[in-house]
Amino acid sequence: MSNDTKTLLAELGIDEVNSGGYDGSWLDTQGELLESVDPTTGQVIASVRQAQADDYERIAERSVEAFHEWRTWPAPKRGEVVRELGNALRDKKDALGRLVTLEMGKILSEGLGEVQEMIDMADLAVGMSRQLYGKTMHSERPEHRMYEQWHPLGPVGIITAFNFPVAVWAWNATVAAVAGDSMIWKPSEFAPLTAIATTKIAHEVLEAHGAPAIFNLAIGDRIEIGERMTQDGRLPLISATGSVAMGRRVGQVVAGRLGRSLLELGGNNGLLVMDDADLDLAFSAILFGAVGTAGQRCTTTRRLFLQRGIADRITERLLKAYPTIRIGDPMDEGTLMGPLVHEKAVGTMMSAIEAAKTQGGELLYGGGRVDREGFFVEPTVVKVPEQVPITCDETFAPILYILEFDDLDQAIAMHNAVPQGLSSSIFTNSMRTAERFLAHTGSDCGIANVNIGTSGAEIGGAFGGEKETGGGREAGSDAWKAYMRRQTNTLNWGTELPLAQGVEFDL
Ligand code: UN1
């Protein structure tokens with residue numbers, strides 16, 4: 001391990017072996033050792049002693065206690081704590097961003113961007129803490145008042161994926177905190193160290209403000225922690241990010257106990273380029289969308305729809321650019337693409353490429369593994385004659401499928417003919433075409449952009465998608481409502497008791 005890495009881990013309080021459970025203090029967990037592997041080298045960075053059932057029980061109990069105290073704090077006071085969390089993240093932005101890069105392999109600029117996303121969320125949530133508005137209605141009865149209030153909901157279960165190991169926690173945690181909730185975080189088993197570092201930062205902020213331990217952590221396996229959390233009636237909301245298979249399970253189990261789930265699952269994002277588009281803009285967006293984060297964003301551009309008139313020009317330009325993409329250590333300045341997260345992801349990518357070939361796809365670029373240590377692959381371009389089974393799947397890897405089309409209606413139909421519905425975009429200079437794409441008969445996704453790529457959404461909007469993407473909305477806009485319970489109040493300040501709907505009931 002380099003001295004730089006040692007200094008980094010020391011700065012963030014990461015030891016050689018770390019506890020995987022936190023409930024206000026770090027638990028003496030006894031579960032199996034989980035190794036965190038640097039995908040750039042394949043070497044172990046540090047290990048985590050996972051939480052087990054009894055640890056989980058303790059964490060859940062303490063989270064309920066923390067909730068009971070935290071909900072009595074006025075929302076703007078809760079906002080002040082979240083402001084301090086944002087400031088603490090500002091102080092640690094460089095170190096935490098580096099740890100994200102080290103542990104999951106996204107390039108440093110994106111690792112830092114991820115921490116920036118947490119800071120932005122904290123700022124947004126501070127504002128929200130004074131804007132948890134309910135509506136006032138006009139009662140149909142005289143001398144009555146009707147209104148709604150939003151109350152804290154309870155301890156929230158947060159399940160996150162490796163690809164945005166800390167930003168997605170912040171989408172949930174900052175909003176849940178101002179909403180008055182405590183939480184239990186089950187991070188990805190492929191990014192446990194960033195979760196520990198984040199929890200340590202949050203812990204200091206809570207301590208400094210005498211706040212209860214609302215930001216709890218349970219690192220452990222799917223059965224021991226994930227299932228237990230999903231089945232736990234003490235958690236009224238489970239917010240989960242990850243695969244469709246995982247979300248289906250979480251959704252079913254939580255629905256079975258009539259709890260709420262907020263799901264952010266797979267995407268299979270399409271980008272349309274029309275003949276009249278600004279091709280320079282489109283080209284840059286495709287490159288970032290398809291290659292950024294080594295194709296491991298849920299918003300990654302996976303399907304590229306090119307109108308016939310410009311299809312060859314864009315394809316040739318991409319094929320010239322792909323060989324110049326600098327693949328390497330994500331920590332090095334100038335690297336554009338780091339490794340995939342683990343060996344299994346490399347295998348999954350290779351199988352998808354094979355499937356594409358047997359389904360009529362023509363491999364235009366890449367398709368292989370890069371011959372070096374770690375989990376590096378070539379960014380890949382495959383041209384497919386039409387939508388085939390593999391283009392309907394989300395493969396978490398940098399494979400871009402090119403499809404050509406004649407007219408917009410045909411492109412929209414192909415675009416929507418997949419089970420997922422997260423992000424989408426169109427490049428055009430025609431106002432009519434743009435509006436047609438954004439209309440109810442256009443893109444069926446939760447996110448639809450014009451002259452902007454599919455990935456890299458700002459936090460101000462509600463993030464999430466339709467169909468198998470799960471329907472959840474996180475981050476900005478009114479996504480906070482998922483973390484609170486709505487109460488409708490009707491208050492009679494008169495001397496009569498008129499009944500609604502004109503019902504008479506007199507003795
Ligand atoms: C994810 O991949 O789970 O829009 C989230 C984006 C990022 C978030 C991606 N802001 O690409």
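The values are calculated or read from the model by the stated rules, or taken from the named source; none is laboratory data. These numbers were taken from a predicted model, which means no experiment stands behind them. Every residue, glycine among them, receives a Cβ derived from its backbone with ideal geometry; neighbour counts consider all protein chains shown. Protein only, heavy atoms only, side chains kept; ligands, DNA and RNA dropped before computing areas. Shrake-Rupley method; radii C 1.70, N 1.55, O 1.52, S 1.80 Å.
Can you give me the number of residues within segment 275-290 that are open to solvent by less than 10 Å² (accessible area, probe 1.4 Å) and more than 13 Å from the ligand (Cβ to nearest atom)? Outline the logic, then answer.
Let us first name the residues in segment 275-290 that are open to solvent by less than 10 Å² (accessible area, probe 1.4 Å), namely 282, 286, 289-290.
Remaining after also requiring more than 13 Å from the ligand (Cβ to nearest atom): 282, 286.
Residues meeting the conditions: 2.
Within segment 473-490, is there a residue that is open to solvent by 70 Å² or more (accessible area, probe 1.4 Å), part of a loop (DSSP other than H, G, I, E, B) and among the polar types (S, T, N, Q)?
Yes, segment 473-490 contains a residue that is open to solvent by 70 Å² or more (accessible area, probe 1.4 Å), part of a loop (DSSP other than H, G, I, E, B) and among the polar types (S, T, N, Q).
Filter segment 240-260 down to residues that are among the polar types (S, T, N, Q) and within 16 Å of the ligand (Cβ to nearest atom) and give me whichever is surrounded by the most Cβ atoms within 10 Å (Cβ to Cβ). Spell out how you get there, then give the answer.
As a first pass, look at segment 240-260 and keep what is among the polar types (S, T, N, Q): 241, 243, 252.
Those still in the list that are within 16 Å of the ligand (Cβ to nearest atom) too: 241, 243.
Details: 241: 26, 243: 16.
The extreme case among them is 241.
Please name all residue pairs, on different chains or six or more residues apart, with Cβ atoms under 7 Å, provided the first residue is in segment 409-426 and is farther than 17 Å from residue 290 by Cα and the second residue is open to solvent by less than 10 Å² (accessible area, probe 1.4 Å) and aliphatic (A, V, I, L, M).
Partner pairs satisfying both residue conditions: 411/272; 414/403.
Which is acidic (Asp, Glu) and free of Cβ contacts under 8 Å to residues at least 40 places away in the same chain, of 466, 404, 378, 386? Spell out how you get there, then give the answer.
Details: 466 fails: free of Cβ contacts under 8 Å to residues at least 40 places away in the same chain; 404 fails: free of Cβ contacts under 8 Å to residues at least 40 places away in the same chain; 378 fails: free of Cβ contacts under 8 Å to residues at least 40 places away in the same chain.
Going through 466, 404, 378, 386 in turn, the sole match is 386.
Cβ-Cβ below 6 Å, separation at least six or inter-chain, first residue in segment 477-492 and within 13 Å of residue 137 (Cβ to Cβ), second open to solvent by 70 Å² or more (accessible area, probe 1.4 Å): which pairs?
The qualifying pairs are 491/145.
If you go through segment 20-35, how many residues are under 17 Å from residue 103 (Cβ atoms) and either without any contact (Cβ under 8 Å) to a residue 40 or more places away in the chain or among the basic types (Lys, Arg) (or both)?
Step one: of segment 20-35, the residues under 17 Å from residue 103 (Cβ atoms) are 20, 33-35.
From what's left, either without any contact (Cβ under 8 Å) to a residue 40 or more places away in the chain or among the basic types (Lys, Arg) (or both): 33, 35.
Residues in segment 20-35 being under 17 Å from residue 103 (Cβ atoms) and either without any contact (Cβ under 8 Å) to a residue 40 or more places away in the chain or among the basic types (Lys, Arg) (or both): 2 in total.
Evaluate segment 240-255: report whether one residue or more is part of a helix (DSSP H, G or I) and among the polar types (S, T, N, Q).
Here is the first cut: in segment 240-255, the ones part of a helix (DSSP H, G or I) are 244-255.
Filter once more, keeping what is among the polar types (S, T, N, Q): 252.
Within segment 240-255 (the criterion being part of a helix (DSSP H, G or I) and among the polar types (S, T, N, Q)), the answer is yes, since at least one residue qualifies.
In this structure, is residue 355 closer than 25 Å to residue 113 by Cα, among the aliphatic types (A, V, I, L, M) and free of Cβ contacts under 8 Å to residues at least 40 places away in the same chain?
Details: closer than 25 Å to residue 113 by Cα: no; among the aliphatic types (A, V, I, L, M): yes; free of Cβ contacts under 8 Å to residues at least 40 places away in the same chain: yes.
No.
Give me the pairs, please: first residue somewhere in segment 97-125 and in contact (Cβ under 8 Å) with a residue 60 or more places away in the chain and on the phi > 0 side of the Ramachandran plot, second residue anywhere and away from the ligand (no atom under 14 Å from the Cβ) and β-branched (Val, Ile, Thr), beta-carbon distance under 9 Å, and either six or more positions apart or on two chains.
As it stands, the answer is 105/40, since those pairs meet every condition given.
Would you be able to say whether some residue in segment 362-378 is more than 16 Å from the ligand (Cβ to nearest atom), of a type in the set (Phe, Trp, Tyr), open to solvent by less than 10 Å² (accessible area, probe 1.4 Å) and in the same structural domain as residue 420 (by TED's automatic domain parsing)? Don't jump to the end; show me each part of the working.
Here is the first cut: in segment 362-378, the ones more than 16 Å from the ligand (Cβ to nearest atom) are 362-378.
Imposing the further condition that a residue be of a type in the set (Phe, Trp, Tyr) reduces the set to 365, 375-376.
Among the residues that remain, those that are also open to solvent by less than 10 Å² (accessible area, probe 1.4 Å) are: 376.
Then drop every residue that is not in the same structural domain as residue 420 (by TED's automatic domain parsing), which leaves 376.
Yes; the residues of segment 362-378 include at least one that is more than 16 Å from the ligand (Cβ to nearest atom), of a type in the set (Phe, Trp, Tyr), open to solvent by less than 10 Å² (accessible area, probe 1.4 Å) and in the same structural domain as residue 420 (by TED's automatic domain parsing).
In segment 376-407, what residues are part of a helix (DSSP H, G or I) and in contact with a helix residue (DSSP H, G or I) (Cβ under 6 Å, 6 or more places away or on another chain)? Give the steps one after another, and end with the answer.
So the first thing to find is which residues in segment 376-407 are part of a helix (DSSP H, G or I), and the list is 389-392.
Selection gives 390 alone.
Filter segment 63-84 for residues that are over 18 Å from residue 185 (Cα atoms) and touching a residue at least 60 places away in the same chain (Cβ under 8 Å) and give the result.
69, 71, 73, 75, 78, 79, 80, 81, 84
Would you check if residue 435 is of a type in the set (D, E, K, R) and assigned to a loop (DSSP other than H, G, I, E, B)? First the steps, then the outcome.
Numbers: of a type in the set (D, E, K, R): yes; assigned to a loop (DSSP other than H, G, I, E, B): no.
So residue 435 does not fit the description; no.
For segment 193-238, name all the residues that are assigned to a strand (DSSP E or B) and in contact with a Gly (Cβ under 9 Å, 6 or more places away or on another chain). Break it down into steps so the answer makes sense when it comes.
First pass over segment 193-238, keeping only residues assigned to a strand (DSSP E or B): 215-218, 237-238.
Scanning segment 193-238 gives 216, 217, 218, 237, 238.
Considering (1) open to solvent by 30 Å² or more (accessible area, probe 1.4 Å); (2) within 16 Å of the ligand (Cβ to nearest atom), say which one residue 409 fails and leave the rest.
(2)
Looking at segment 264-295 only, could you name the residues that are farther than 24 Å from residue 346 by Cα and either of a type in the set (Lys, Arg) or in contact with a Lys or Arg (Cβ under 8 Å, 6 or more places away or on another chain) (or both)? Let's see the steps before the verdict.
Pass one, segment 264-295, residues farther than 24 Å from residue 346 by Cα: 271-285.
Listed by number, the residues that qualify are 271, 275, 279, 283.
For segment 155-192, which residues satisfy the criterion of being part of a loop (DSSP other than H, G, I, E, B), within 16 Å of the ligand (Cβ to nearest atom) and in contact with a Lys or Arg (Cβ under 7 Å, 6 or more places away or on another chain)? Full working, then the answer.
Residues of segment 155-192 part of a loop (DSSP other than H, G, I, E, B): 155, 160-166, 180-182, 187-191.
Pick out the ones that are also within 16 Å of the ligand (Cβ to nearest atom) and you get 160-166, 187-188, 190-191.
Across segment 155-192, the qualifying residue is only 163.
Taking the options 462, 457, 482, 475, name whichever one is away from the ligand (no atom under 16 Å from the Cβ) and among the aliphatic types (A, V, I, L, M).
Numbers: 462 fails: away from the ligand (no atom under 16 Å from the Cβ); 457 fails: away from the ligand (no atom under 16 Å from the Cβ); 475 fails: away from the ligand (no atom under 16 Å from the Cβ).
Unique residue meeting the criteria: 482.
Taking residue 265, is it within 16 Å of the ligand (Cβ to nearest atom), in contact (Cβ under 8 Å) with a residue 12 or more places away in the chain and either in the same structural domain as residue 103 (by TED's automatic domain parsing) or under 30 Å from residue 483 (Cβ atoms) (or both)?
On the way: within 16 Å of the ligand (Cβ to nearest atom): yes; in contact (Cβ under 8 Å) with a residue 12 or more places away in the chain: yes; either in the same structural domain as residue 103 (by TED's automatic domain parsing) or under 30 Å from residue 483 (Cβ atoms) (or both): yes.
Spelling it out, residue 265 is indeed within 16 Å of the ligand (Cβ to nearest atom), in contact (Cβ under 8 Å) with a residue 12 or more places away in the chain and either in the same structural domain as residue 103 (by TED's automatic domain parsing) or under 30 Å from residue 483 (Cβ atoms) (or both).
Restricting segment 294-347 to residues that are open to solvent by 40 Å² or more (accessible area, probe 1.4 Å) and not in a helix (DSSP H, G or I), which is farthest from residue 277 (Cα to Cα)? Break it down stepwise before answering.
Step one: of segment 294-347, the residues open to solvent by 40 Å² or more (accessible area, probe 1.4 Å) are 308-309, 312-313, 316-317, 319-320, 323-324, 326-327, 329, 331-333, 336, 342-344.
Those left that are additionally not in a helix (DSSP H, G or I): 326-327, 329, 331-333, 336, 342.
Values: 326: 27, 327: 29, 329: 35, 331: 35, 332: 34, 333: 32, 336: 25, 342: 37 Å.
For segment 294-347, the residue satisfying everything is 342.
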